[in-house]
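Right, I'll just put the structure down here and ask away after.
The values are calculated or read from the model by the stated rules, or taken from the named source; none is laboratory data. Given the structure is predicted, the values throughout are model-derived calculations rather than measurements. FYI the Cβ positions are ideal-geometry reconstructions off the backbone, even for glycines, and counts take in every protein chain you see. Note: areas computed on protein heavy atoms with side chains; ligands, DNA, RNA excluded. Shrake-Rupley method; radii C 1.70, N 1.55, O 1.52, S 1.80 Å.
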Amino acid sequence: MRFSKKISRRYTYLLLILLLVFSLFNSLPTSANNTTPQPNVIPALREWIGSTGLFTLIPQSRICIDPNYETELLTRMTSFKDEIKLINNDLDLSILTTNNPTDSDIYITLDCQDTNIGTEGYLMDIDNILTIKANTADGAFYGTRSLLQILVADNTKDSIPKGNIKDYPMYEERAFMIDVSRKYFTMDFLRDYVKLMSWFKMNDFHIHWTDDWYDGYWAFRIESTTYPNITATDGSYTKQEVIALQDLGDNYGVTITPEFDSPSHARPYTKIRPDLINTAKGDRYLDLYNPDTYTFMQSIYDEYIPLFRAPDFHIGCDEYDGGGEKYRQYYNTMADYVQNLGKNVRVWTGWHHESGTTVPDSDIIIDVWEGGFDVNNYVNRGNQLINSSGDYLYIVPDTSWLPDLPVLYEQWEPHVFNRAKTNKLTPNHEKLLGAKLHIWLDGKRNIVSQQDCDKLIQPPLKILSEKLWGGKNSNTYEEFVNRTLEVGNAPGINLTPTEQLPPIDPNNLAYNKPVTASSTEDGTFFTPEKAVDRFTTSRWSSNYHDDEFIYVDLLNTYNINKVKLHWEAAFGKKYKIQVSTDAINWIDVYSEIDSDGNEDVINFSGVDARYVKMQGIERATNWGYSIWEFEVYN
């Protein structure tokens with residue numbers, strides 16, 4: 001018995017020791033249980049490996065630049081230092097060149113040699129020292145954009161989760177185009193947009209410098225020494241301002257790509273050279289049979305190509321209706337001249353509508369804005385393409401030509417060129433450079449302000465940044481917007497703060513309820529549910545018949561007494577509001593005989609109903625019926 005008691009006592013001690021060890025082990029942090037989650041960055045990080053703990057900046061932290069790369073990095077890191085202070089005024093960090101950073105320092109080097117991240121990617125090792133490595137200064141600077149966004153989202157604006165980032169773009173062309181010709185934007189606005197684009201790793205700022213409009217307006221926005229009278233008198237930029245804009249772009253990783261459009265949209269040229277007018281078509285068109293047309297445009301290129309550092313020069317070439325073979329030949333004639341001056345050439349689509357056989361040479365980059373353009377044919381010929389889809393990526397203020405933001409984030413992909421998704425390339429096609437957002441001010445120069453335009457540009461710009469970088473990290477557009485609110489906009493810019501989504505009206509019975517319509521406009525994504533999603537950039541649109549309808553199922557019976565219809569430009573002149581309890585037998589509660597569109601607020605005596613219908617009688621336009629929002633109240 002004494003022997004068994006000793007054994008029992010020993011087992012008891014052993015068990016107690018094992019329990020103590022297990023308890024201590026279980027109390028320690030482990031990578032499995034406490035790994036830092038991926039920080040929110042827009043565009044989302046491509047790769048993240050979490051660690052434990054936080055890297056924290058302190059007033060004594062330093063920005064340490066590898067001495068071997070001081071020339072490439074110092075100006076950019078000075079901007080980075082200033083932006084840290086704008087985010088947290090207590091962090092006025094010093095900059096020095098050294099390869100010996102210490103704890104709480106940020107170390108930047110271009111000694112990377114990871115070819116998988118390309119020229120714009122970066123590696124970030126976040127430990128006691130935060131190290132950013134890249135192959136180029138652009139890549140290193142994009143790394144600082146991610147770091148700053150993480151700081152903005154941090155409650156104390158000084159801490160970053162420890163871990164490792166490997167971040168790199170899917171597409172090399174991540175672009176935004178602004179039409180400064182048909183509306184003058186201040187240079188301060190353009191400079192702020194360079195910083196905003198860089199904040200979201202958008203790298204190509206395409207500026208449309210010259211154009212006209214049907215009402216007689218025209219503008220050529222940059223001063224000219226060759227033709228002083230060509231420069232617009234209602235707003236223009238000096239060459240020195242354009243050079244300074246490019247300097248800023250160089251520091252922020254954003255290329256300024258110029259466009260001088262011709263042979264249509266040509267009133268800026270014909271106003272000073274009326275002898276070049278195509279008299280059969282009017283002063284918006286250059287005469288393609290006049291040899292002086294070509295020498296004149298070449299003189300424009302001679303003056304402005306040396307002004308711009310971008311590798312590409314856009315010569316326009318769209319919308320010359322009836323130009324035939326001569327118009328088709330113009331593309332290659334002018335492209336050859338520009339290429340001989342050392343630039344790659346970009347053009348818009350357009351020639352394929354005209355009779356003839358000439359097509360752009362295979363070394364010309366094609367901006368594809370028309371959904372019906374056969375993209376596969378041209379990549380097979382060797383052309384590189386930019387997706388500039390008018391279906392998805394055009395903003396025209398004060399019109400319905402706006403991106404459908406939920407569709408853009410949740411459904412569109414950069415290799416898709418039309419709404420029907422029939423005109424597309426394979427994903428990541430080697431000839432697809434990327435995509436571009438556009439804002440055109442067709443006839444709207446006196447209607448919308450810079451701030452109006454800014455509010456329209458920012459939401460799709462942020463979507464495009466994430467889709468083109470390649471790290472989509474939200475399931476829905478609403479989740480994505482919440483992420484944009486966390487990271488905000490670039491510090492120190494005077495643009496509209498990131499805006500929240502429209503609030504949900506708790507009294508609107510139709511919100512997100514099932515919807516049925518007689519049709520959806522052929523080849524579009526203007527489906528019925530868009531009329532009850534609360535987004536003012538998405539809509540339902542019918543086919544082109546007077547008797548089209550749309551109705552919402554409220555799912556329960558309510559005593560309703562008001563309907564709101566927010567019409568797009570294609571509105572109903574005559575229509576009825578009908579209600580039902582079974583979607584079979586309908587009762588008229590209101591008849592409209594002469595609507596003027598915009599918003600119709602319809603009040604009527606309360607009636608019990610589950611289904612509410614807009615029954616069209618007569619369209620106001622040749623289009624169908626199109627409704628931004630269909631709201632029902634009790």
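Which ones in segment 340-397 are outside any loop (DSSP other than H, G, I, E, B) and closer than 26 Å to residue 455 by Cβ? Quick ask: steps written out before the conclusion?
Restricting attention to segment 340-397, the residues satisfying the condition of being outside any loop (DSSP other than H, G, I, E, B) are 340, 344-348, 351-353, 365-368, 375-381, 385-387, 394-395.
If the condition is that a residue be outside any loop (DSSP other than H, G, I, E, B) and closer than 26 Å to residue 455 by Cβ, then 367, 386, 387, 394, 395 are the ones that fit.
Could you tell me which numbered condition residue 431 fails, if it satisfies all but one of (1) charged (D, E, K, R); (2) open to solvent by 40 Å² or more (accessible area, probe 1.4 Å); (3) more than 30 Å from residue 216 (Cβ to Cβ); (4) in contact (Cβ under 8 Å) with a residue 60 or more places away in the chain?
Status for residue 431: all satisfied but (4).
A further question follows. Going through segment 347-370 one residue at a time, which ones are more than 23 Å from residue 419 (Cβ to Cβ) and without any contact (Cβ under 8 Å) to a residue 24 or more places away in the chain?
362
Kindly check whether there is at least one residue in segment 272-283 that is in contact with a strand residue (DSSP E or B) (Cβ under 7 Å, 6 or more places away or on another chain), within 22 Å of residue 441 (Cβ to Cβ) and buried (at least 17 other Cβ atoms within 10 Å of the Cβ).
Restricting attention to segment 272-283, the residues satisfying the condition of being in contact with a strand residue (DSSP E or B) (Cβ under 7 Å, 6 or more places away or on another chain) are 276-278, 283.
From the residues that got through so far, the ones that are within 22 Å of residue 441 (Cβ to Cβ) too are 283.
Checking the rest, the ones that are also buried (at least 17 other Cβ atoms within 10 Å of the Cβ) come to 283.
Yes, segment 272-283 has at least one match.
Separate question: Within segment 336-346, how many residues turn out to be touching a His at 6+ places or on another chain (Cβ under 8 Å) and either open to solvent by 30 Å² or more (accessible area, probe 1.4 Å) or free of Cβ contacts under 8 Å to residues at least 24 places away in the same chain (or both)?
Qualifying residue count, segment 336-346: 0.
Within segment 52-83, can you find the residues that are in contact with a helix residue (DSSP H, G or I) (Cβ under 7 Å, 6 or more places away or on another chain) and of a type in the set (Val, Ile, Thr)?
Kept after step one, since they are in contact with a helix residue (DSSP H, G or I) (Cβ under 7 Å, 6 or more places away or on another chain), are these residues of segment 52-83: 52, 63, 65, 72-73, 75-76, 79-80, 83.
Of everything in segment 52-83, those that are in contact with a helix residue (DSSP H, G or I) (Cβ under 7 Å, 6 or more places away or on another chain) and of a type in the set (Val, Ile, Thr) turn out to be 52, 63, 65, 75.
Out of all the residues in segment 292-311, is one or more open to solvent by less than 50 Å² (accessible area, probe 1.4 Å), β-branched (Val, Ile, Thr) and assigned to a loop (DSSP other than H, G, I, E, B)?
First pass over segment 292-311, keeping only residues open to solvent by less than 50 Å² (accessible area, probe 1.4 Å): 293-294, 296-301, 303-305, 307-308, 310.
Now narrow it down to the ones that are β-branched (Val, Ile, Thr): 293, 300, 305.
Filter once more, so that each one left must be assigned to a loop (DSSP other than H, G, I, E, B): none.
Checked against the condition, which is being open to solvent by less than 50 Å² (accessible area, probe 1.4 Å), β-branched (Val, Ile, Thr) and assigned to a loop (DSSP other than H, G, I, E, B), segment 292-311 yields no hits at all.
Report, by residue number, each residue of segment 410-468 that is outside any loop (DSSP other than H, G, I, E, B) and of a type in the set (A, V, I, L, M). So that I can check it myself, show each step before the final result.
Start the filter on segment 410-468 by keeping residues that are outside any loop (DSSP other than H, G, I, E, B), which leaves 410, 416, 424, 432-439, 450-468.
Across segment 410-468, the qualifying residues are 416, 432, 433, 435, 437, 439, 456, 457, 461, 463, 464, 468.
Still on this model: Would you point out the residue of segment 579-589, among those that are in contact (Cβ under 8 Å) with a residue 24 or more places away in the chain and exposed (fewer than 15 other Cβ atoms within 10 Å of the Cβ), that is nearest to the chain's Cα centre (by Cα)? Lay out the reasoning, then the answer.
Initially, segment 579-589 is screened for residues in contact (Cβ under 8 Å) with a residue 24 or more places away in the chain, giving 579-583, 586.
Now drop any that are not exposed (fewer than 15 other Cβ atoms within 10 Å of the Cβ), which leaves 581-583.
Numbers: 581: 44, 582: 44, 583: 41 Å.
Here the residue is 583.
Residue 439: under 20 Å from residue 189 (Cα atoms) and either surrounded by fewer than 16 Cβ atoms within 10 Å (Cβ to Cβ) or more than 19 Å from the chain's Cα centre (by Cα) (or both), yes or no?
Values: under 20 Å from residue 189 (Cα atoms): yes; either surrounded by fewer than 16 Cβ atoms within 10 Å (Cβ to Cβ) or more than 19 Å from the chain's Cα centre (by Cα) (or both): no.
No: the conditions fail for residue 439.
Could you please find all residues in segment 463-482 being more than 15 Å from the chain's Cα centre (by Cα) and open to solvent by 20 Å² or more (accessible area, probe 1.4 Å)? Lay out the reasoning, then the answer.
Our first condition is that a residue be more than 15 Å from the chain's Cα centre (by Cα); within segment 463-482, this holds for 473-476, 478-479, 482.
Across segment 463-482, the qualifying residues are 473, 475, 476, 478, 479, 482.
Select from segment 75-99 the residues that are in a helix (DSSP H, G or I) and open to solvent by 50 Å² or more (accessible area, probe 1.4 Å) and list them in ascending order.
Within segment 75-99, the subset in a helix (DSSP H, G or I) is 75-87.
Those that are in a helix (DSSP H, G or I) and open to solvent by 50 Å² or more (accessible area, probe 1.4 Å): 75, 78, 82, 85, 86.
Could you list, in sequence order, all residues of segment 395-428 that are open to solvent by less than 30 Å² (accessible area, probe 1.4 Å), among the β-branched types (Val, Ile, Thr) and over 19 Å from residue 627 (Cα atoms)?
416
Further question on the same structure: Residue 515 versus (1) more than 30 Å from residue 583 (Cα to Cα); (2) surrounded by 18 or more Cβ atoms within 10 Å (Cβ to Cβ): which is the lone unmet condition?
(1)
This table checks each residue for (1) among the charged types (D, E, K, R); (2) out of contact with any Asp or Glu (no Cβ under 6 Å at 6 or more places or on another chain); (3) modelled with pLDDT of 95 or more; (4) within 28 Å of residue 42 (Cα to Cα).
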residue	(1), (2), (3), (4)
500	no, yes, no, yes
509	no, yes, yes, no
514	no, no, yes, no
521	yes, yes, no, no
527	no, yes, no, no
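Which residue out of 562, 576 is under 38 Å from the mean Cα position of the chain (by Cα), at pLDDT 95 or above and part of a strand (DSSP E or B)?
Numbers: 576 fails: under 38 Å from the mean Cα position of the chain (by Cα).
The conditions single out 562.
Of all residues in segment 384-394 being within 15 Å of residue 439 (Cβ to Cβ) and surrounded by fewer than 23 Cβ atoms within 10 Å (Cβ to Cβ), which is farthest from the chain's Cα centre (by Cα)? Let's see the steps before the verdict.
Here is the first cut: in segment 384-394, the ones within 15 Å of residue 439 (Cβ to Cβ) are 388-390, 392-394.
Those left that are additionally surrounded by fewer than 23 Cβ atoms within 10 Å (Cβ to Cβ): 390, 394.
On the way: 390: 13, 394: 10 Å.
Residue satisfying both the conditions and the ranking: 390.
Can I ask one more? Need the failing condition index for residue 501 against (1) assigned to a helix (DSSP H, G or I); (2) more than 14 Å from the chain's Cα centre (by Cα), just the number.
Condition not satisfied by residue 501: (1).
Now, a different point. Within segment 183-190, does at least one residue satisfy the condition of being closer than 30 Å to residue 320 by Cβ and open to solvent by 10 Å² or more (accessible area, probe 1.4 Å)? Walk me through how you get there before you give the answer.
Residues of segment 183-190 closer than 30 Å to residue 320 by Cβ: 183-185, 190.
Okay, now just the ones that are also open to solvent by 10 Å² or more (accessible area, probe 1.4 Å), so 183-184.
Checking segment 183-190: at least one residue is closer than 30 Å to residue 320 by Cβ and open to solvent by 10 Å² or more (accessible area, probe 1.4 Å).
Considering only residues that are in contact with a Ser or Thr (Cβ under 8 Å, 6 or more places away or on another chain), under 14 Å from residue 176 (Cβ atoms) and among the β-branched types (Val, Ile, Thr), which ones fall in segment 249-281?
The one that is in contact with a Ser or Thr (Cβ under 8 Å, 6 or more places away or on another chain), under 14 Å from residue 176 (Cβ atoms) and among the β-branched types (Val, Ile, Thr): 254.
Which one is surrounded by the most Cβ atoms within 10 Å (Cβ to Cβ), of the residues in segment 312-331 that are part of a helix (DSSP H, G or I) and free of Cβ contacts under 8 Å to residues at least 60 places away in the same chain?
Taking segment 312-331 and keeping what is part of a helix (DSSP H, G or I), we get 324-331.
If we keep only those that are free of Cβ contacts under 8 Å to residues at least 60 places away in the same chain too, we end up with 324-326, 328-329, 331.
Numbers: 324: 14, 325: 14, 326: 16, 328: 22, 329: 16, 331: 24.
Ranking the qualifying residues of segment 312-331, first place goes to 331.
Sticking with this structure for a sec: From the list 618, 629, 529, which residue is open to solvent by 70 Å² or more (accessible area, probe 1.4 Å) and in contact with a strand residue (DSSP E or B) (Cβ under 7 Å, 6 or more places away or on another chain)? So that I can check it myself, show each step before the final result.
Numbers: 618 fails: open to solvent by 70 Å² or more (accessible area, probe 1.4 Å); 629 fails: open to solvent by 70 Å² or more (accessible area, probe 1.4 Å).
Just a single option satisfies the conditions, and that option is 529.
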